[in-house]
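A quick write-up on the structure given underneath.
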Amino acid sequence: VVLSGDGGDELLGGYTRHHLFGLLDSARPLAGLAGAGTSVLNGVGPSRLDAAYARVRGLLRLPPLHAPSRKIRAALTVLDLPRAVAYAQMWRTGFVAELLQLGITEDPALAHLTSSARGYANADALSLAQAMDLRTWLPDDILTKVDRASMAVALESRVPLIDLEVAGVAASLPLPALRKGSEGKRVLRTLAARRF
């Protein structure tokens with residue numbers, strides 16, 4: 001039997017994309033300028049943009065990113081999309097945008113993503129992202145893959161962080177207990193620091 005930490009990032013706001021989605025969500029009023037921003041970035045080039053991001057990252061307390069130029073360009077393309085679709089686009093590279101470009105708005109996958117945000121239309125960015133992660137990413141990807149891989153070698157994998165009581169406590173925590181800037185899972189880090 002092994003213990004897995006799956007669910008920790010989803011319940012406690014631990015993914016870098018949670019922070020990035022918060023930044024993106026706060027920039028939504030600037031959606032009209034996205035086209036101009038994309039034109040400017042296209043003139044800069046990926047390597048120069050990556051280097052610029054590395055220089056300002058510490059000053060602006062931004063998270064470390066792999067291929068920041070690609071992610072910044074992608075963020076500009078989703079500013080005017082519905083919030084749930086914009087969040088999904090951040091981690092389903094190209095998929096949602098391609099559906100929308102093809103005019104497919106009733107695709108079952110897209111409908112599933114949109115319905116996973118039901119009840120969170122006016123929620124803060126982290127709550128919306130967590131709801132989508134808990135309703136799609138965790139059960140449809142992470143837990144499925146761990147279960148299949150562990151069962152393939154006759155290994156029992158247990159996931160204590162998604163226990164109903166733990167999840168209930170996590171859901172009741174205020175935002176500052178979950179994230180501060182680009183640092184996620186604050187409450188878990190605090191608890192772990194007492195033991196390790």
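The values are calculated or read from the model by the stated rules, or taken from the named source; none is laboratory data. Note that the structure is a prediction, hence the values are computed from the model and not measured. Glycine also receives a Cβ, built like all others from the backbone with ideal geometry; neighbour counts cover every protein chain displayed. Heavy atoms of the whole protein, side chains included, go into the accessibility calculation; ligands, DNA and RNA do not. Shrake-Rupley method; radii C 1.70, N 1.55, O 1.52, S 1.80 Å.
Among the numbered conditions (1) among the small types (Gly, Ala, Ser); (2) open to solvent by 80 Å² or more (accessible area, probe 1.4 Å); (3) over 22 Å from residue 142 (Cβ atoms), tell me where residue 171 comes up short.
(3)
Among the candidates 193, 154, single out the residue that is farther than 23 Å from residue 62 by Cβ, assigned to a helix (DSSP H, G or I), small (Gly, Ala, Ser) and modelled with pLDDT of 90 or more.
193
Conditions first: (1) within 21 Å of residue 123 (Cα to Cα); (2) free of Cβ contacts under 8 Å to residues at least 12 places away in the same chain. Residue 9 passes all but one, so which condition is the exception?
(2)
Identify the residue in the range 133-154 that is in contact (Cβ under 8 Å) with a residue 12 or more places away in the chain and open to solvent by less than 60 Å² (accessible area, probe 1.4 Å) and, among all such residues, is nearest to residue 13 (Cα to Cα).
Top of the filtered list is 133.
Just to verify a result, which residue in the range 157-168, among those that are part of a helix (DSSP H, G or I) and in contact with a Ser or Thr (Cβ under 9 Å, 6 or more places away or on another chain), is surrounded by the most Cβ atoms within 10 Å (Cβ to Cβ)?
161
For the range 74-82, state whether one or more residues are under 30 Å from residue 156 (Cβ atoms), acidic (Asp, Glu) and in contact with a helix residue (DSSP H, G or I) (Cβ under 6 Å, 6 or more places away or on another chain).
Checking the range 74-82: not a single residue is under 30 Å from residue 156 (Cβ atoms), acidic (Asp, Glu) and in contact with a helix residue (DSSP H, G or I) (Cβ under 6 Å, 6 or more places away or on another chain).
Would you check which residues across the range 176-185 are surrounded by 11 or more Cβ atoms within 10 Å (Cβ to Cβ) and without any contact (Cβ under 8 Å) to a residue 60 or more places away in the chain and list them?
Of everything in the range 176-185, those that are surrounded by 11 or more Cβ atoms within 10 Å (Cβ to Cβ) and without any contact (Cβ under 8 Å) to a residue 60 or more places away in the chain turn out to be 177, 180, 183.
Which of the residues belonging to the range 88-113 are modelled with pLDDT of 75 or more and either outside any helix (DSSP H, G or I) or under 25 Å from residue 70 (Cβ atoms) (or both)?
88, 113
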